[in-house]
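Participant: Before I ask anything, here is the structure I am working with.
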Amino acid sequence: MIKYDRFHELLDKAIALQRIEPVIVVMPNHHTLYRGSWYTNSSFTGKWADFTGLDLVSYIDKNYRTIANRDSRGVAGHSMGGQGALKMGMLFPDVFSSVYAMSPATLDANSEELGIRGAAYKRIGEITSREQLIDGWGEFLPNAIIAMGRAYTPNPSKPPFYADLPYEYLKDSLIIHYDILKVWREKSAMGMIDNHVEDLKKLTALKLDWGRNEDTAQIPRTSLAFSKKLENLGIHHYAEEYIGNHSNKLWTDDGRALNDMLPFFNTYLNFGK
């Protein structure tokens with residue numbers, strides 16, 4: 001984000017415009033062998049949830065001039081990071097008080113493009129190596145599914161990707177592994193809500209937003225469904241759809257980061273004044 005989106009310049013501008021108080025921003029790298037940790041503790045890929053919500057926070061508080069309490073800590077992310085921010089809020093409500101999720105992806109492990117109706121699982125059966133999977137972004141959804149599999153249901157005895165998947169094609173026949181599907185549902189952000197209602201209610205503030213013209217249709221649908229589920233459970237939050245796609249209204253002068261996300265944290269975090 002620093003290299004491509006120049007977030008440090010946007011943050012400087014936000015401070016100069018008094019959109020947010022001077023603040024420490026920590027940006028952990030969750031880029032794994034398959035491009036994403038899914039902010040999930042995995043016996044195979046590592047304890048990425050604990051790393052973010054516990055280890056990293058502890059390190060920053062010990063080494064930098066922070067206000068070391070939850071009221072002064074927020075978490076935000078975009079796409080995979082957006083669903084990660086929501087997971088962090090559910091898992092660590094005593095660490096982070098405020099959450100902002102931008103275009104959160106893969107909230108529902110069984111959404112249309114990622115589930116039985118999508119073409120990704122059939123394509124996975126045709127891909128035989130990591131190099132083929134991550135060569136550019138042509139295999140974006142198969143890549144995401146494999147990364148989720150390695151996080152949610154790893155299988156060290158199952159090359160080449162070492163993961164059990166909920167759907168599998170053998171020739172032209174689709175096999176549904178219901179036990180795996182159950183685990184994926186439980187570990188997805190949507191599925192986690194049921195076990196974290198009281199944790200979500202502890203948050204000072206929670207917001208998610210998404211573009212009307214997102215690059216994948218699952219993001220608007222699942223973001224709205226996520227918001228409705230929170231509403232039906234009496235969990236106060238903000239949810240907003242704007243005119244934009246997955247990336248064109250984020251890091252610009254008229255974008256969400258400068259005009260919505262950073263001011264959100266300015267409103268809800270305690271800056272020690």
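All of the numbers you see were taken from the coordinates with simple rules; none came from a lab. Because the structure is a prediction, the values reported are computed rather than measured. Note that we place each Cβ from the backbone using ideal geometry, even for glycine, and neighbour counts take in every protein chain shown.
Participant: Under 8 Å for C-alpha pairs, at least 6 residues apart: give me the relative contact order for the range 112-183, rounded to a whole percent.
Facilitator: Result for the range 112-183 is 26 percent.
Participant: Expected output is a single nm value to one decimal: the length gained when fully extending between Gln132 and Leu33, i.e. 0.36 nm times separation in residues minus the C-alpha distance. What is it?
Facilitator: So the extension gain works out to 34.4 nm.
Participant: Expected output is a single nm value to one decimal: the length gained when fully extending between His8 and Asn41, i.e. 0.36 nm times separation in residues minus the C-alpha distance. What is it?
Facilitator: 9.0 nm
Participant: With each run of n ≥ 4 DSSP H residues scored as -39500 (n - 2.57), what mean residue ellipticity at 222 nm is computed for the chain after dividing by its residue count and rounding to the nearest 500 deg cm²/dmol?
Facilitator: Value at 222 nm, helices only: -9500 deg cm²/dmol.
Participant: Which pairs in the list Lys249/Lys273; Lys207/Lys249; Lys47/Lys201; Lys207/Lys229; Lys47/Lys158 are over 23 Å apart, alpha-carbon to alpha-carbon?
Facilitator: With Cα atoms farther than 23 Å apart: Lys249/Lys273; Lys47/Lys201.
Participant: Let me check I have the definition right: for the range 182-256, take the eigenvalues of the Cα gyration tensor, multiply each by 5, take square roots. What are those semi-axes in whole Å, largest first?
Facilitator: Three semi-axes, in Å: 24, 16, 10.
Participant: Sticking with this one: Based on other C-beta atoms within 10 Å, arrange Lys87, Lys228 from fewest to most.
Facilitator: The most exposed by this proxy come first: Lys228, Lys87.
Participant: Give me the tail of P(r) for the range 112-183 as a percent: Cα-Cα pairs with distance above 16 Å.
Facilitator: Tail of the P(r) past 16 Å holds 45 percent of the pairs.
Participant: Enumerate the helices in the chain for which the Kyte-Doolittle hydropathy averages 1.6 or more and the C-alpha atoms extend at least 20 Å along the helix's axis, using complete DSSP H runs.
Facilitator: Span-like helices here: none at all.
Participant: How long is the gain from His236 to Thr66 if the chain were fully straight, where each residue apart is worth 0.36 nm and the alpha carbon distance is subtracted?
Facilitator: Residue separation times 0.36 nm, minus the Cα-Cα distance, leaves 58.4 nm.
Participant: In whole angstrom, and with the biggest value first, how far do the Cα coordinates of the range 56-202 range along each principal axis?
Facilitator: Over the range 56-202, Cα extents along the principal axes are 57, 32, 29 Å.
Participant: If you restrict to DSSP beta bridges whose two residues both lie in the chain, what percentage is antiparallel, to the nearest 5?
Facilitator: The antiparallel proportion sits near 30 percent.
Participant: Still on this structure: Going by C-beta contacts inside 10 Å, put Trp251, Trp48, Trp137 in order with the fewest on the left.
Facilitator: Trp137, Trp251, Trp48
Participant: So, one more: Can you compute the modelled spin-label distance between Leu17 and Val197, with each label point 7 Å from Cα toward Cβ, in nm?
Facilitator: 4.0
Participant: Measure off 7 Å from each Cα along the Cα-to-Cβ vector at Glu186 and Leu174, then give the distance between these two points in nanometres to one decimal.
Facilitator: 2.4
Participant: Take every Cα pair under 8 Å in the chain that's 6+ residues apart, average their separations, divide by the length, and report that relative contact order as a whole percent.
Facilitator: Relative contact order comes out at 22 percent.
Participant: If you average 1/r across every pair of different Cα atoms in the chain and take the reciprocal, what Kirkwood value do you get, in Å?
Facilitator: The answer is 19.4 Å.
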